[in-house]
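The values are calculated or read from the model by the stated rules, or taken from the named source; none is laboratory data. Owing to the predicted nature of the structure, the values given are computational and were not obtained by experimental measurement. No Cβ is skipped: glycine too gets one built from the backbone with ideal geometry, and neighbour counts run over all protein chains shown. Side chains are part of the model used for accessible areas, which takes the heavy atoms of the whole protein and leaves out ligands, DNA and RNA. Shrake-Rupley method; radii C 1.70, N 1.55, O 1.52, S 1.80 Å.
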Amino acid sequence: MSLDFDRIGDRLGQLEIELPSWGFADTGTRFGKFLQDGSAITIEDKLDDIAEVNRVTGACPMVAIHVLWDVEDPGKPDSLVEAAAARGLRIGSINPNVFQDQCYKLGSVSNEDPAIRRRAIDHLLDSVNLGKATGSDVLTLWFADGTNYPGQGSIRRRKQWFQEALREVHDAMPATMTMLIEYKPFEPAFYHTDIADWGMASAMARHAGERARVLVDTGHHLPGQNIEHIVAFLADENMLGGFHFNDSHYADDDLTTGSMNPYATFRIFLEILQAERDQGRLLPIAWMVDQSHNLKPKTEAMIQTVMTIQELFAKAMLVDLEALDEARSRGNIIDAEECLKSAYATDVREALGQWRAGRGLPADPMAAHRESGYQGKVAADRIKRKPSASSSYA
Ligand code: AFD
Ligand code: MN
Ligand code: MN
């Protein structure tokens, strides 16, 4: 397989991968939180870590922020933009939080209590204003709303409350902002989730307005689901707004992208590339990571993630789309499949390293990060500011 890396490199250079602030702080599962000495504490720490990933990869200038976790008061954004710019970063998507306050126990915008529905909508409107202040053009909406037992809630009434809320928030957005509606089949709700799949998210987007689209979180599917089919369908409907990339083995495991099913991620990228060829444009989608690293060192996990996304995207670009179409026209399944398999089997790591070096970047971002001593330095500072993981043996 000849590596036409000029074409691949140009396209890779346009691939800006937005990193989540929450991927650098201590996280856990419902069974407990494992502290890491070097994990980020403040938003400044998170920006430092993302700047480090961007330094060694050159691919991550955007930061997804989680309102309430990153901004004291969404109504009065502090110097977030300046803090990001000082590190060569921009604020990307705004992620409201209507899932952790006690009042949302029985739902946020779908709560039976109109006062709670209003409180949730007001937070979403504050988040729109925060986005205006930070110059963000993406509002990412994920709702934990759902029920745990049959009979607990009226599914149709909740749907209508969602539609009213999303329309109000959509119409409050500036013309430059897009609303991305994220679906998830279950968790934390275990009987029904109000926005459970791509079809419901598409319907909600249509009700909300012209600038609403669907966000595909790759971990938000029931086992065995064909995600690239959903991606292709949404792209063809002009309803694909973007991704939260991660990987999963069972459910919303938030594992690092490509760690479990790299061939599935490769096939998602291939559907995007075919849609871009057929539509004659780069799809206007947000390429975002949404992972939480309970065991892997967080900054290393994100560098590994970016390198993996670049590798799988480069492999997908190696697929000869003309040969693929020709094999399909002949009904030759094996020839068509081999177009994918031979590209996927190609080792692109050396070519990627040369491409990075040609752009003044480290050929091996992970090695460059480890050689820099960055993690040891920040851990020494952060341990002083929080309970330390290593002291857990004390
Ligand atoms: C959780 C949710 C969803 C959301 C993310 C950030 O499952 O993926 O996008 O938190 O709020 O992972
Ligand atoms: Mn997500
Ligand atoms: Mn998730």
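Scan segment 128-182 for residues that are within 16 Å of ligand 3 (Cβ to nearest atom), of a type outside the set (Val, Ile, Thr) and within 21 Å of the chain's Cα centre (by Cα) and the total you get is 7.
Looking at segment 241-250, which of its residues are closer than 19 Å to residue 313 by Cβ and in a loop (DSSP other than H, G, I, E, B)? Across segment 241-250, the qualifying residue is only 246. Among the residues of segment 134-156, those identified as more than 19 Å from residue 103 (Cα to Cα) and touching a Ser or Thr at 6+ places or on another chain (Cβ under 9 Å) are 135, 136, 137, 138, 139, 140, 155.
Per this entry, residue 82 is not counted among residues that are surrounded by fewer than 18 Cβ atoms within 10 Å (Cβ to Cβ) and in contact (Cβ under 8 Å) with a residue 12 or more places away in the chain. On the given criteria, is residue 286 among the small types (Gly, Ala, Ser), under 28 Å from residue 214 (Cα atoms) and surrounded by 21 or more Cβ atoms within 10 Å (Cβ to Cβ)? It is true that residue 286 is among the small types (Gly, Ala, Ser), under 28 Å from residue 214 (Cα atoms) and surrounded by 21 or more Cβ atoms within 10 Å (Cβ to Cβ).
Here is a yes/no grid of residues against (1) without any contact (Cβ under 8 Å) to a residue 60 or more places away in the chain; (2) of a type outside the set (A, V, I, L, M):
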residue	(1), (2)
329	yes, yes
333	yes, no
339	yes, yes
343	no, no
350	yes, yes
355	no, yes
388	no, yes
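I'd like to know if segment 301-320 contains one or more residues that are open to solvent by less than 60 Å² (accessible area, probe 1.4 Å) and part of a loop (DSSP other than H, G, I, E, B). Yes; the residues of segment 301-320 include at least one that is open to solvent by less than 60 Å² (accessible area, probe 1.4 Å) and part of a loop (DSSP other than H, G, I, E, B).
When restricted to residues that are open to solvent by less than 60 Å² (accessible area, probe 1.4 Å), more than 20 Å from residue 253 (Cβ to Cβ) and assigned to a loop (DSSP other than H, G, I, E, B), segment 18-44 contains 3.
Within segment 183-193, the set of residues being within 14 Å of ligand 1 (Cβ to nearest atom), open to solvent by less than 30 Å² (accessible area, probe 1.4 Å), under 17 Å from residue 104 (Cβ atoms) and not β-branched (Val, Ile, Thr) comprises 184, 189. Residue under question is residue 259, and the condition is that it be more than 16 Å from ligand 2 (Cβ to nearest atom) and more than 19 Å from residue 317 (Cα to Cα); does it hold? For residue 259, the condition - more than 16 Å from ligand 2 (Cβ to nearest atom) and more than 19 Å from residue 317 (Cα to Cα) - is met.
Each residue in segment 63-79 was checked for being surrounded by fewer than 22 Cβ atoms within 10 Å (Cβ to Cβ) and part of a strand (DSSP E or B), and 1 of them qualify. Could you grab me the full set of residues in segment 1-32 that are among the basic types (Lys, Arg) and touching a residue at least 24 places away in the same chain (Cβ under 8 Å)? Hits for segment 1-32 are 7, 11. Within segment 289-318, the only residue that satisfies the criterion of being of a type in the set (Ser, Thr, Tyr), more than 16 Å from ligand 1 (Cβ to nearest atom) and under 11 Å from residue 256 (Cα atoms) is 308.
Quick check on segment 51-61. Is at least one of its residues part of a loop (DSSP other than H, G, I, E, B), within 16 Å of ligand 2 (Cβ to nearest atom), touching a Lys or Arg at 6+ places or on another chain (Cβ under 9 Å) and open to solvent by less than 40 Å² (accessible area, probe 1.4 Å)? No, that holds for no residue. Residues that are open to solvent by 90 Å² or more (accessible area, probe 1.4 Å) and part of a helix (DSSP H, G or I) within segment 323-336 comprise 328, 329, 333, 334, listed in sequence order. For residue 214, the test of being away from ligand 3 (no atom under 16 Å from the Cβ) and either closer than 29 Å to residue 19 by Cβ or not acidic (Asp, Glu) (or both) is failed.
Taking the options 265, 257, name whichever one is within 17 Å of the chain's Cα centre (by Cα), in a loop (DSSP other than H, G, I, E, B) and in contact (Cβ under 8 Å) with a residue 40 or more places away in the chain. That would be 257, the only listed residue that is within 17 Å of the chain's Cα centre (by Cα), in a loop (DSSP other than H, G, I, E, B) and in contact (Cβ under 8 Å) with a residue 40 or more places away in the chain. Filtering segment 234-248 down to residues that are out of contact with any Ser or Thr (no Cβ under 9 Å at 6 or more places or on another chain) and open to solvent by 20 Å² or more (accessible area, probe 1.4 Å), which residue is farthest from ligand 1 (Cβ to nearest atom)? Looking at residues that are out of contact with any Ser or Thr (no Cβ under 9 Å at 6 or more places or on another chain) and open to solvent by 20 Å² or more (accessible area, probe 1.4 Å), I get 236. Looking across segment 217-233, just one residue is of a type in the set (Val, Ile, Thr), touching a residue at least 40 places away in the same chain (Cβ under 8 Å), within 16 Å of ligand 1 (Cβ to nearest atom) and open to solvent by less than 20 Å² (accessible area, probe 1.4 Å), and that is 218.
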